[in-house]
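Values quoted throughout were computed directly from the atomic coordinates according to the rules given, and no laboratory measurement underlies them. What you see is a predicted model; the values in this text were computed from it and never measured. Here the Cβ positions follow ideal geometry from the backbone for every residue, glycine too, while neighbour counts run over all protein chains shown.
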Amino acid sequence: MTIDEIIDFVAALDGVLTLTPTAADPWPEISWGDSFFYYSPDGVVPTKTQPFATIVTKDYPDEPSSRLDRPNAFRVNIAAGKEAFINWTGHEPKQTATTEIDYSVTDTLIPHPTYGIAGWLAVVNPGTRTDAPTQELLQTAYDRARSRYERRAESDDR
């Protein structure tokens, strides 16, 4: 999957706000060129929630390297949740940034280098092995984000 294919897939889900900052935007420079996906049916960037998925095109400071400095390299990060994390990794979410994991491996679902502890999964350059699982996990993350939003809206109505 390409970055554009992933963005198109996620953006087609109802109520998704896709944020892809550029130099012309007020967002931090480190975020320029990356994409952030929120469940936000009103189209406003939420202030009290994290995105349910991201696409990053560069390694972030203080994270183990995914070697995103390679040509056309990017990483999809997905807030898959504990159940999906266990299904894909075989263990509970935990501090995962270790030397035992090659965070630069491509077309392989791995724990997120920083947010694995929170049930996030990642894949560098999804390809034939991970295209379908990546879409399924993005759908799962979207469903979870939408459900959280709806629960908050219900509690605000009370």
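The table below gives the values:
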{"quantity": "The chain: C-alpha pair distances exceeding 21 Å, %", "calculated": "44"}
{"quantity": "Rounded FRET efficiency, nearest 0.05, which uses the C-beta distance separating ALA11 from SER155 and R0 of 30 Å", "calculated": "0.60"}
{"quantity": "Net charge of Cβ neighbours under 14 Å - reference THR128; Lys, Arg +1; Asp, Glu -1", "calculated": "-2"}
{"quantity": "Ellipticity estimate at 222 nm from DSSP helix runs (n ≥ 4, -39,500 (n - 2.57)) divided over the chain, nearest 500", "calculated": "-9000 deg cm²/dmol"}
{"quantity": "Loop-resident sites, the stretch 42-89, for trypsin sites (Lys or Arg not before Pro), counting at most 10 other Cβ within 10 Å (DSSP)", "calculated": "LYS48"}
{"quantity": "Sites ARG67 and TRP32, calculated FRET efficiency, Cβ-Cβ separation with R0 22 Å, nearest 0.05", "calculated": "0.65"}
{"quantity": "Charge dipole magnitude, Cβ of K and R +1, D and E -1 - the chain, Cα centre, debye nearest 20", "calculated": "340"}
{"quantity": "Phi to ³J(HN,Hα) by Karplus 6.51 cos²θ - 1.76 cosθ + 1.60 over the stretch 42-49, Hz, x for Gly, Pro", "calculated": "8, x, 9, 4, x, 9, 10, 8"}
{"quantity": "Integer Hz, Karplus 6.51/-1.76/1.60 couplings in order for the stretch 21-32, x for Gly and Pro", "calculated": "x, 10, 4, 7, 9, x, 7, x, 4, 4, 8, 4"}
